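Everything on this sheet refers to the single structure shown next.
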Amino acid sequence: MIRYGQQHTEQEAVPGLNAAHDAHIAPAPRISIQAFCETVETGSAIQAAGEDRRLVKAHLKMQMGGVAAALEAYQHSPTPNVIIIEAEGRGDGILAGLDALAEICDSGSRVVVIGRVNDVVLYREMIRRGVSDYLIAPIGTIDIVRSVCNLFSSPQAKPVGRIIAVTGAKGGVGASTVAHNIGWAIARDLSLDAVVTDLDLAYGTAGLDYNQDPPQGIADAVFSPDRIDTAFVDRLLAKCTDHLSLLAAPATLDRVYDFGAEAFDAIFDSLRSTVPCIVLDVPHQWTGWTKRALVGADDILIVAAPDLANLRNAKNLVDLLRTLRPNDHRPYYCLNQLGVPKRPEIKPADFAKALDDDPLATIAFDSQLFGTAANNGQMIAEISAGHRIAETFRHLAQVLTGRAEVKKARSGLLMPLLDKIRKRA
């Protein structure tokens, strides 16, 4: 019997019965997807999935009619990379429709079925026929995104890198310093291979902060789009430690750095394919490519200082990015440079109330510590590994890479009494 594309193993359980999936979903490559729905609700979910950032390269077409419409559509036409079929019937009816579709389906096409029967036997029969995934309705947008993207993420393949974008709500708030220290913590404390990418080509400070002066960097890649591949980008990386590399900015003004919205896409794709974690130091400016870098990131950290302009800008950024990324975690933010002498500040609690979210971290102003680190080309952890601020960067690294440790509940015979004393105090 003619089978569809790649099969799953029968040891897998019915998707609807599985435990929660990993929150990190790798983006899909440039593929064609055609969906045949039977209900408006499923059609709406699939339509919304086509607008998700992880399917931005995919071409999705949807129509009503279920498997009958699919059979009619492919009688004399080639099938796309992915076919999504909604089947409202019972087990035998679904299998009969899939058998008919298999007769006209190209061997390289992958089929995802959406049904309402939660049955392991039916699932195994579908897998035996070559169906790639089975989703149980009702489904959400993220279910479709996860299913399609996972079709192109082989368990044997190297995991696609996670992109973390760090940007400032205002210039001069220390976003670059935060980004560079997070990259250092990811590499040193979590032992993950990481690349810090300095996107401020005119004034970037990553080279200074890491005490590096590489002859090549990100400008060589972005101005040579035809040469970009994994080997070329790898040659541009400056090695800082065993696990940390730098894609440095030239920090020169000999040319103008005006780019189109998609100018950095090939660079990011190349890094994703070889590096587990990419930290983007996104400059404080609003252009097509900075917006695209933020929207396309897996996680976003906005760095803000405790004043009114930062509050306004941070709120604008959070609101816009939540609208553009409806299926992602809302952007994180941290408050930096707290406690500057004689400076009026907005309290973190008021900041949290305005943004309807607590800061991921608060970092105190310490001119001696940060000034020494900057002048020496060192990270905070290199100067004082046990400092509270160094611990804050380790915490940020854990959360942004999805490796945050769950704090253990306190225990002991005296804990209830101590809690009462603290509450009274």
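The values are calculated or read from the model by the stated rules, or taken from the named source; none is laboratory data. The structure presented is a predicted model; accordingly, all values stated were derived computationally and were not measured. Because the Cβ atoms are built from the backbone with ideal geometry, glycine has one as well, and the counts that use them run over all protein chains shown.
Within the group G130, G174, which residue is farther than 25 Å from S32 by Cβ and not aromatic (F, W, Y)?
G174
If only one of D213, D189 is surrounded by fewer than 13 Cβ atoms within 10 Å (Cβ to Cβ), in contact with a helix residue (DSSP H, G or I) (Cβ under 8 Å, 6 or more places away or on another chain) and modelled with pLDDT of 90 or more, which one is it?
Sole residue among the options that is surrounded by fewer than 13 Cβ atoms within 10 Å (Cβ to Cβ), in contact with a helix residue (DSSP H, G or I) (Cβ under 8 Å, 6 or more places away or on another chain) and modelled with pLDDT of 90 or more: D213.
Filter segment 226-255 down to residues that are surrounded by fewer than 14 Cβ atoms within 10 Å (Cβ to Cβ), closer than 17 Å to L199 by Cβ and touching a residue at least 24 places away in the same chain (Cβ under 8 Å), then give me how many there are.
Residues meeting the conditions: 2.
Could you list all residues from segment 84-137 that are of a type in the set (D, E), under 18 Å from A73 (Cβ atoms) and part of a helix (DSSP H, G or I)?
D99
Tell me, which residue of segment 327-347 that is at pLDDT below 95 and in contact with a helix residue (DSSP H, G or I) (Cβ under 7 Å, 6 or more places away or on another chain) is surrounded by the fewest Cβ atoms within 10 Å (Cβ to Cβ)?
R330
Looking only at segment 100-125, count how many residues are crowded, with 18+ Cβ neighbours inside 10 Å, out of contact with any helix residue (DSSP H, G or I) (no Cβ under 7 Å at 6 or more places or on another chain) and closer than 19 Å to E38 by Cα.
Residues that pass the stated criteria total 1.
Restricting attention to segment 194-203, does a residue exist that is at pLDDT 90 or above, in a loop (DSSP other than H, G, I, E, B) and aromatic (F, W, Y)?
yes
Go through the residues of segment 59-69 one by one and say whether even a single one is on the phi < 0 side of the Ramachandran plot, among the charged types (D, E, K, R) and part of a strand (DSSP E or B).
yes
Determine which single condition T177 fails, assuming it passes every other condition in (1) in contact (Cβ under 8 Å) with a residue 40 or more places away in the chain; (2) over 23 Å from the mean Cα position of the chain (by Cα); (3) in the same structural domain as V318 (by TED's automatic domain parsing); (4) part of a helix (DSSP H, G or I).
(2)
Report the residue count in segment 314-326 for those that are surrounded by fewer than 19 Cβ atoms within 10 Å (Cβ to Cβ) and not basic (K, R).
Within segment 314-326, residues that are surrounded by fewer than 19 Cβ atoms within 10 Å (Cβ to Cβ) and not basic (K, R) number 6.
Could you pull out every one of the helices (runs of 4 or more DSSP H) wholly within segment 229-298 that has 1 or more residues that are of a type outside the set (A, V, I, L, M, F, W, C) and more than 24 Å from L55 (Cβ to Cβ)?
230-236
Could you go through segment 301-308 and let me know if any residue there is assigned to a helix (DSSP H, G or I) and free of Cβ contacts under 8 Å to residues at least 60 places away in the same chain.
Taking every residue of segment 301-308 in turn, at least one turns out to be assigned to a helix (DSSP H, G or I) and free of Cβ contacts under 8 Å to residues at least 60 places away in the same chain.
Provide a single number: the residues in segment 138-155 that are among the hydroxyl-bearing types (S, T, Y) and either at positive phi or part of a helix (DSSP H, G or I) (or both).
2
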